[in-house]
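Here's the structure we're looking at; comments come further down.
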Amino acid sequence: MTDLLNPVENRLIGRAMHDYSMLADGDRVLVAVSGGVDSLVLARVLVSWRKKAPIEFAVQAIHLDMRPGQNGPGETACRIVQQLDKAGLSCHVLPARHPMPSSDDAPKSSTKDVCFTCARNRRNQLFEFAGNNQYNTLALGHHCDDIVETFFLNLTCAGNISTMRPRQDLFSGGLSLIRPLAYLRKNEITTLGQRMGLQSAPADCPLAGNTRRQDVREMLELIYDRIPGSRSQIFAALGNVRQDYLLQPTGKKNANKS
């Protein structure tokens with residue numbers, strides 16, 4: 001599988017892992033696989049990396065089954081298990097504690113709240129599983145475009161300047177979130193997935209294509225088309241924050257002096 005990574009992909013993934021110290025000897029890595037090509041590619045990459053890395057680490061895939069069948073895993077879960085099994089990676093299917101809402105339960109006006117609640121529930125269940133099973137690292141398939149989109153989502157919908165970090169330590173260092181694909185773009189991952197023979201499983205989300213993230217994604221495509229090189233410049237800017245030139249009210253400080 002290592003030859004499926006071309007030199008550029010290999011360099012970008014390796015640089016992200018190095019820049020953010022994502023893996024260490026003895027790590028137990030839980031890779032969350034949703035069924036999209038991003039997380040499937042990540043799982044395959046980690047299998048490949050484990051074979052050639054100068055360190056030893058364990059990898060286990062996990063899928064939260066949002067729509068289980070009557071007698072077992074749902075269609076999405078089954079497709080994920082089959083694809084990862086071919087790559088020599090077992091996948092633990094965990095029934096979601098909170099079922100996916102139907103489209104009738106999630107009108108347009110409440111998509112923000114529905115998405116936030118669903119993501120929080122899934123994240124908390126993954127954290128709990130990792131803690132109960134001694135996994136110290138949770139790998140997620142977010143990429144460069146996801147990171148930029150999250151920045152604009154928080155900027156326009158949450159009123160803050162923040163985004164997802166390629167590595168984030170939680171619970172006093174007890175669990176690390178890593179995003180090894182952070183330096184790859186969506187189209188690069190899609191191409192890589194095709195070379196690996198991976199196929200996305202059906203999306204379980206009833207709001208797919210009708211979310212604020214999709215709105216931001218479409219807006220960004222207009223910016224990228226209009227301003228050449230802006231995609232790379234925006235991503236670079238997220239690591240080049242000039243805090244002295246952000247709004248920092250001084251009224252309270254001055255009032256204390258008077």
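Modelled spin-label separation between residue 6 and residue 162, with each label point placed 7 Å from Cα along the Cα-to-Cβ direction: 3.7 nm. Packing, as the average of other Cβ atoms within 10 Å across residues, places the peptides 144-155, 76-87, 176-187, 212-223 in the order 176-187, 144-155, 76-87, 212-223, highest first.
Think of it as helices only: each DSSP H run of n ≥ 4 in the chain is worth -39500 (n - 2.57), and spread over all residues that comes to -14000 deg cm²/dmol at 222 nm. When the GluC sites (Glu not before Pro) in the range 1-96 are filtered for DSSP coil states and for at most 11 other beta-carbon atoms within 10 Å of their beta-carbon, the remaining sites are 56. Over the chain, Cα pairs under 8 Å with separation of 6+ residues give a relative contact order of 24 percent. Here the chain is described by how far its Cα atoms reach on the three principal axes: 68, 49, 42 Å, from widest to narrowest.
Every number in this text was worked out from the coordinates using simple rules, so none of it is lab data. These numbers were taken from a predicted model, which means no experiment stands behind them. As a convention, Cβ positions derive from the backbone with ideal geometry for all residues, glycine included, and neighbour counts pool all protein chains shown.
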